[in-house]
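S.K.: Sending over a structure as structure tokens; questions will come in a sec.
The values are calculated or read from the model by the stated rules, or taken from the named source; none is laboratory data. All of these numbers come straight from a predicted model, not from anything done at the bench. Cβ sites come from the backbone with ideal geometry, for glycine too, and all protein chains shown count toward neighbours.
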Amino acid sequence: MERRFNSEKESLVKKLLMWVMSVAIGGGTLATVPAVAEVGVSNTAIRIGTFGPITGANFVFGKYTMNGLEVVFDGVNAAGGIHGRKLELIRVDDHCDPAGSIAAVRRLLFTEKVFAIVGGACSNGVMAAKPDIINSGAPFVNFAAASDTISAPKVRNIFTSMLTSALESKLQAQYLVDKGIKKVAVVNQPDAWGRDRHDSLTAALKAANIQILADEELSLDANDATAQVLKIQSSGAGMVVLLSYPKPAAIFLRDAARLGFKPSFLGTSVIPDPVAFYDQVAIPGATDKFLTISPIKYQLTSAEAAPWKAKLLAKFPLDKPHAYNLYGITAGQLVVKALQDAGQNLTRDGFIKALDAIRDLQTTFSPAPLNCQTHQCLRSAAWVQRSPQGTTDVVGISSLK
């Protein structure tokens, strides 16, 4: 009896397998059952989330970068989308606050159910939300926050199109070596952002055998830098590296000019516009020897930026075009390329693999082609300064050697 039952069971299984194969080969009902859809992807759209400050004192970092990202998506959609799917951008305001960033990321992942996130403007906030991003497995491209710890050590689903603090410090040290400068002074900002920059720079300077003659703190809310200027002046430093936001950096240059101290100054990418910085310092000649590092090779006043500037003004007439728009354009062009490469059957895994495979992608504004092998895709910078005619000039481009 048992032998007969087993024989009948085997016969039934064989018949079932033959039926499945015949239906699949013949294009019957079973073969046409659609695969389970990927989160945030439909037949007509791909939902991309973004977060950062949209309101408040730091809105430029988030809102303006999002504006740049959106005009890239608009151009793609006008041309038919990615493999027939339109790109939808969902914005969430995190107010540049860690708790706000956590809430924003969770909303995008679990309420809005986006396919991927392209955003992040304030390093502290992105770091606070990083565990949720990792645990979700959702692709994340950081577009404006500069902390190296966001994307290092390498995590499978996290990429950055922004120049990181560690890479920026290495490029600054490389620039100093190329110019034959062996001694510098440093003005650092005593907060989380400043400590991250300071640690990266001091390590890069040490590796390059560059001596720090003076290292002075200047807080974000400082209104006077007389003491710091006098100490650095007495050190004999001919080059001062400013690890400061625009406001304290402007105060330092203003007081340096007042006290007759005229070294060269090297800024960070948080001061991307030397013309705007000149206006902030507001003392003729005070920024003549100020040079800053930038993750973009064309400025808004350039002919190359003119078409993008026109698109930004048409889309966002109340928002004055800004350098942070261009950071969003770089991120957008990277994301679009990876989405195209991921193919028609879009999955998060396929998109991550496409991002990971990006090599030598020249975007409009990146100083050199993007390479995502380490997931820190931007590994180059431009050196910019204000010209005597009041324009922003690119005076050099460096890539990590």
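S.K.: Take the residues in the range 237-249 that are touching a helix residue (DSSP H, G or I) at 6+ places or on another chain (Cβ under 9 Å) and surrounded by fewer than 24 Cβ atoms within 10 Å (Cβ to Cβ); name whichever of them is farthest from residue 195 (Cα to Cα).
M.R.: First, the residues of the range 237-249 that are touching a helix residue (DSSP H, G or I) at 6+ places or on another chain (Cβ under 9 Å): 239-247, 249.
In the following step, the residues that additionally are surrounded by fewer than 24 Cβ atoms within 10 Å (Cβ to Cβ) were identified as 239, 245-247.
Values: 239: 20, 245: 13, 246: 16, 247: 17 Å.
That would be 239.
Every residue, every condition in (1) outside the structural domain of residue 196 (by TED's automatic domain parsing); (2) more than 18 Å from the chain's Cα centre (by Cα); (3) closer than 17 Å to residue 163 by Cβ, yes or no:
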{"position": "106", "(1), (2), (3)": "yes, yes, no"}
{"position": "111", "(1), (2), (3)": "yes, yes, no"}
{"position": "117", "(1), (2), (3)": "yes, no, no"}
{"position": "125", "(1), (2), (3)": "yes, no, no"}
{"position": "130", "(1), (2), (3)": "yes, no, no"}
{"position": "134", "(1), (2), (3)": "yes, no, no"}
{"position": "139", "(1), (2), (3)": "yes, no, no"}
{"position": "142", "(1), (2), (3)": "yes, no, yes"}
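S.K.: Let me ask something else about it. Looking only at the range 335-383, count every residue that is charged (D, E, K, R) and in contact with a Phe, Trp or Tyr (Cβ under 9 Å, 6 or more places away or on another chain) and tell me the total.
M.R.: Restricting attention to the range 335-383, the residues satisfying the condition of being charged (D, E, K, R) are 337, 341, 348-349, 353, 356, 359-360, 379.
Filter again for in contact with a Phe, Trp or Tyr (Cβ under 9 Å, 6 or more places away or on another chain), leaving 341, 348, 356.
Total satisfying the criteria: 3.
S.K.: Condition check: closer than 17 Å to residue 146 by Cβ and either small (Gly, Ala, Ser) or part of a strand (DSSP E or B) (or both). Does residue 204 satisfy that? Can you show your working first?
M.R.: Values: closer than 17 Å to residue 146 by Cβ: yes; either small (Gly, Ala, Ser) or part of a strand (DSSP E or B) (or both): yes.
When the stated conditions are applied, residue 204 passes them.
S.K.: Looking at this structure, is residue 283 surrounded by 21 or more Cβ atoms within 10 Å (Cβ to Cβ) and assigned by TED's automatic domain parsing to the domain that holds residue 176?
M.R.: Details: surrounded by 21 or more Cβ atoms within 10 Å (Cβ to Cβ): no; assigned by TED's automatic domain parsing to the domain that holds residue 176: yes.
The answer is no for residue 283.
S.K.: Filter the range 355-379 for residues that are hydroxyl-bearing (Ser, Thr, Tyr) and over 13 Å from the mean Cα position of the chain (by Cα) and give the result. Walk me through it before giving the result.
M.R.: Step one: of the range 355-379, the residues hydroxyl-bearing (Ser, Thr, Tyr) are 363-364, 366, 374.
Within the range 355-379, 363, 364, 374 qualify.
S.K.: Suppose the filter is in contact (Cβ under 8 Å) with a residue 12 or more places away in the chain and surrounded by fewer than 16 Cβ atoms within 10 Å (Cβ to Cβ); does residue 348 pass it?
M.R.: Working: in contact (Cβ under 8 Å) with a residue 12 or more places away in the chain: yes; surrounded by fewer than 16 Cβ atoms within 10 Å (Cβ to Cβ): no.
When the stated conditions are applied, residue 348 does not pass them.
S.K.: Among the candidates 90, 134, 48, single out the residue that is among the aliphatic types (A, V, I, L, M), surrounded by fewer than 19 Cβ atoms within 10 Å (Cβ to Cβ) and touching a residue at least 40 places away in the same chain (Cβ under 8 Å). Lay out the reasoning, then the answer.
M.R.: Numbers: 134 fails: touching a residue at least 40 places away in the same chain (Cβ under 8 Å); 48 fails: surrounded by fewer than 19 Cβ atoms within 10 Å (Cβ to Cβ).
Just one listed residue meets the conditions, 90.
S.K.: Considering the range 216-252 alone, what residues qualify as being part of a helix (DSSP H, G or I) and more than 28 Å from the chain's Cα centre (by Cα)?
M.R.: 226, 227, 228, 229, 230, 231, 232, 233, 234, 235
S.K.: Among the residues of the range 183-210, count how many are over 13 Å from residue 244 (Cα atoms) and out of contact with any helix residue (DSSP H, G or I) (no Cβ under 8 Å at 6 or more places or on another chain).
M.R.: 5
S.K.: Moving on. Identify, please: which residue in the range 250-265 is touching a helix residue (DSSP H, G or I) at 6+ places or on another chain (Cβ under 6 Å) and surrounded by 23 or more Cβ atoms within 10 Å (Cβ to Cβ) and is, among those, farthest from residue 62 (Cα to Cα)? Give the derivation first.
M.R.: Of the residues in the range 250-265, the ones touching a helix residue (DSSP H, G or I) at 6+ places or on another chain (Cβ under 6 Å) are 250, 253-256, 259, 261.
Filter once more, so that each one left must be surrounded by 23 or more Cβ atoms within 10 Å (Cβ to Cβ): 250, 253, 256.
Working: 250: 23, 253: 27, 256: 32 Å.
Per the stated criteria, the residue is 256.
S.K.: Same structure, new question: Name the helices (runs of 4 or more DSSP H) wholly within the range 287-401 that hold at least 2 residues that are small (Gly, Ala, Ser), modelled with pLDDT of 95 or more and over 27 Å from residue 113 (Cβ atoms)?
M.R.: Because the criterion is at least 2 residues that are small (Gly, Ala, Ser), modelled with pLDDT of 95 or more and over 27 Å from residue 113 (Cβ atoms), the helices (runs of 4 or more DSSP H) in the range 287-401 that meet it are 306-315.
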